[in-house]
There are 2 protein chains.
Amino acid sequence: MPRDEMVAFAAEFDPQPMHLDEAAARATMLGGLCASGWFACCILMRMCAEGFVLDSSSMGAPGVDEVRWLVPIRPGDQLTLRATVLDTRLSRSRQDMGFVRFNFDLFNQRDQHVVALTTSMMMGRRAGATGSA
Amino acid sequence: MPRDEMVAFAAEFDPQPMHLDEAAARATMLGGLCASGWFACCILMRMCAEGFVLDSSSMGAPGVDEVRWLVPIRPGDQLTLRATVLDTRLSRSRQDMGFVRFNFDLFNQRDQHVVALTTSMMMGRRAGATGSA
């Protein structure tokens, strides 16, 4: 997580002191510069896209069930994504679509759990698929 | 919501066809180019920052309770933010802090409700404040 990218994102979207400036950040509860939680979400999205979404039948998502920012993300941190399927269900309105509910978890290089995110993605079904998703 | 900004954001963080390319987007369920839901969240954060957060005792947020992407955001849309305080409570661990739970709602120029987001922000309390938040 390069410092420049973290700070540039914050300057554009979340210009709070703890995301912008090392000295100002040290005076906050977070004790030093850390990434905006929204930047963490965006990086998580990019990792999902590269990891599997662009190679799937994803039709997007209607929203996010929950995000927890558990541990501050610091400049230089290396993040790993874990995707877990919680459950699947058919769409009631569209035969060709189902919902896949995921937990997405980010871990840093110290194996700390830094972000937990739960969301349902809309996925196209195989042609001719019937019954439960 | 300028088209260039929408597409540049998507190219960086959420490169799905419906956020990148008009022709590809027309073939999707969304029927045309629309903003990444994460871009909507980032714009909402910026509107909050400019609207009140940078002028408050905000100490950040531990996460997001829920996000609903209700209506696609299209190039040229003009968005308005409504912030509603749902409730407040004291921190159990820190006397100088409380939690303020908000609904944030984005509306477009046709007064359609496009995004609903619920989150709790950590806020510093006035010096000497006692009792309920």
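The values are calculated or read from the model by the stated rules, or taken from the named source; none is laboratory data. In this text the structure is predicted, and so the values were computed from the model without any measurement. Ideal geometry is used to build each Cβ from the backbone, glycine not excepted, and the neighbour counts take in all protein chains shown. The protein model used for the area step is the full one, side chains on, heavy atoms only, and it has no ligands, DNA or RNA in it. Shrake-Rupley method; radii C 1.70, N 1.55, O 1.52, S 1.80 Å.
Structural remarks
- For the range A:11-39, the set of residues classified as assigned to a helix (DSSP H, G or I), of a type in the set (A, V, I, L, M) and surrounded by fewer than 23 Cβ atoms within 10 Å (Cβ to Cβ) consists of A:ALA11, A:LEU20, A:ALA23, A:ALA24, A:ALA25, listed by residue number.
- Given (1) in a loop (DSSP other than H, G, I, E, B); (2) more than 12 Å from chain A (Cβ to nearest Cβ); (3) surrounded by 15 or more Cβ atoms within 10 Å (Cβ to Cβ), index of the condition B:VAL71 fails: (2)
- Residue satisfying all of: in the range B:75-133; in a loop (DSSP other than H, G, I, E, B) and under 15 Å from B:LEU44 (Cα atoms); most open to solvent (accessible area, probe 1.4 Å) among these: B:GLN78
- When the range B:1-10 is filtered for residues that are open to solvent by less than 60 Å² (accessible area, probe 1.4 Å) and either touching a residue at least 40 places away in the same chain (Cβ under 8 Å) or polar (S, T, N, Q) (or both), the ones remaining, listed by number, are B:MET1, B:MET6.
- Residue in the range A:42-58 that is more than 9 Å from chain B (Cβ to nearest Cβ), in contact with a helix residue (DSSP H, G or I) (Cβ under 8 Å, 6 or more places away or on another chain), within 22 Å of A:HIS113 (Cβ to Cβ) and surrounded by fewer than 17 Cβ atoms within 10 Å (Cβ to Cβ) present: no
- Residue within the range A:52-61 that is in contact (Cβ under 8 Å) with a residue 12 or more places away in the chain and assigned to a strand (DSSP E or B) present: yes
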